[in-house]
Amino acid sequence: MLEKLAKQTAVYGISTIVVRFLSYLLTPYYTRVFGQETYGIVTDVYALIPLALTLLTMGMESSYFRFSAKAEETGGDVEGAKRRLFATTWGVTSLAATLFFLLLALFRNGVASLMGEAYVAHPEYVVWVALIILFDVWGCIPFSRLREQGRAMTFVGLKALNVVLNVALAFAFGAAGLFATEFGVGWVFVANLAASVVTWLAILTTTDRTVPKINWTLLAAVFAYSLPLLVGGLAGTANEFIDRQLIKYLVPEGAMAQLGVYGAITKIAVVMMLFYQMYRLAAEPFFLSNFKKSDFVAMNAAALKYYMMASMVIFLGIALFRDFFALIVGRDFREGIFILPVVLGANVLTGVWLNLSFWYKREERTSLAIVVTGSGLVAMTVFGFWLIPLWGYYGAAWARLASESVMVAVSWWLNRRFFPTPYPWLRIWEYVVAALAVFALCETVTRLAGNMFVGYTFNIVLFVMYGLYLIRRERIDVKAMLRAVLKRG
């Protein structure tokens, strides 16, 4: 069964990497078109959008997976039950998004004032971004339905359509000189909105003529499951954006410039987040299916180990060669490259507590999500208020790492207390400590050598040795894996 998870992760992974790579072409482009402060607006807005999406989808994605599995378990008219579930979850999220858009459009001037001086001159930015959120939420549940049905290629194809249109329009607007007009960075949002509208129209073709229609009795049961996920999701998403907001409000001078640099450097950690995203897309519906408890426990324990192995390889691959990755962003943004290992470490921990969350979603104890993400939010706030005024965006990176660490610790305690799972912690710690030792040794040698060629040569040798160590330690048959991949291809 883990082979099925690996296969789904690979399908989502390869395609997601291609799609996200196209999307991240905008990072080197925007950091060369805009200055630090202007790119700070892009960073700020795209940190806030996920919070709105989390609020308006209300945890219905996970609920859709769980209640679809329950429909199969119950039997009877499974297709009819799933259709009612789809119509209800789609209906309530669409209604919430519509009301949200109307509120932001009506009170755009007040919202712009709350967001800061950079937005006061352009309250229309609020309306454009609200429209992006509207269409993205309208398409969220149909995308979840594709995942539940295992239609990975359709899912990724539509996501690719969105990204390709967004990137193409952004480059076209830049070539036309629109970014230099008074509307300026607003054209970034126009490009995104156009892509979102086209994607929404395309995904309507996959809904089998189902229309959003709320079954209030069903919604009550679904919402009882999803409400804790909503609260926990809001706290978790707040952890993803609050570091940006704290930079904006706590840095005494040049806050938007620092925000721009921080946003650009976190984008460099794209590979780590790509791996996390492709794993989440495959693992969430997989682990919320109707496995026996013994099978679930064994698979979840093994999955975390292999996730950490892959994460440590990616961590070293980026952290050891970060000067090369710094070329992704414009020259004015490379000053912050030294925070990259900290950002990568935080991203690794995000995947750890994702693994540790599957059991309480499966057992329908979703209120525990509030405990986990709430503790992370508290940690982010405390460390953010402490470190950001002292260190600026460097303090924000460490606050993020502290927040993720706290969430992992709380998730581990809850798992051990309520749903003991035999995670191979000694083996996992062995791989983590070995990776950190490789990183520390490479950093020391590079600094003492004072020669880039010597440093990179040493880094490459130790990076390869770490990979071989993992293969040898786990007794991985690389030839058999390659044959299996070629055979499937």
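Laboratory data are not the source of any read-out in this text; all were calculated from the coordinates shown. Quick caveat: nothing in here was measured; it's all calculated off a predicted structure. All Cβ positions, glycine included, derive from the backbone under ideal geometry; neighbour counts span all protein chains shown.
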Would you mind classifying segment 76-165 by shape? Square roots of the alpha carbon gyration tensor eigenvalues, ordered a ≥ b ≥ c; an a/c under 1.5 is rounded, otherwise it is prolate if a/b is larger than b/c and oblate if not. oblate
Stretched fully, the stretch from residue 441 through residue 378 gains (0.36 nm per residue minus C-alpha distance, one decimal, in nm) 19.3 nm
R0 = 45 Å: FRET efficiency of residue 430 with residue 221, Cβ-based, nearest 0.05? 0.55
Over all pairs of different Cα atoms in the chain, the reciprocal of the mean inverse distance gives a Kirkwood radius in Å of 23.7
Compute the distance in nm between two label points, each set 7 Å from the Cα along the Cα-to-Cβ direction, one at residue 72 and one at residue 202. 2.7
Additional length obtainable on full extension of the chain from residue 214 to residue 149, 0.36 nm per residue less Cα span: 21.3 nm
Based on the mean of other Cβ atoms within 10 Å per residue, sort peptides 352-361, 112-121 so the most packed one is first. 352-361, 112-121
Go ahead and run the numbers for FRET between residue 79 and residue 416, Cβ-Cβ distance against an R0 of 35 Å, rounding to 0.05. 0.30
Pair residue 294, residue 121: separation of 7 Å Cα→Cβ label points (nm): 6.8
Report the number of Lys pairs in the chain whose alpha-carbons are under 14 Å apart, with separation of 8 or more residues or on distinct chains. 7
Between residue 452 and residue 29, what's the calculated FRET efficiency when r is the beta-carbon distance and R0 is 45 Å? Round to 0.05. 0.95
Over segment 2-423, what is the mean sequence separation of C-alpha contacts under 8 Å (at least six apart), divided by residue count, expressed as relative contact order in percent? 25
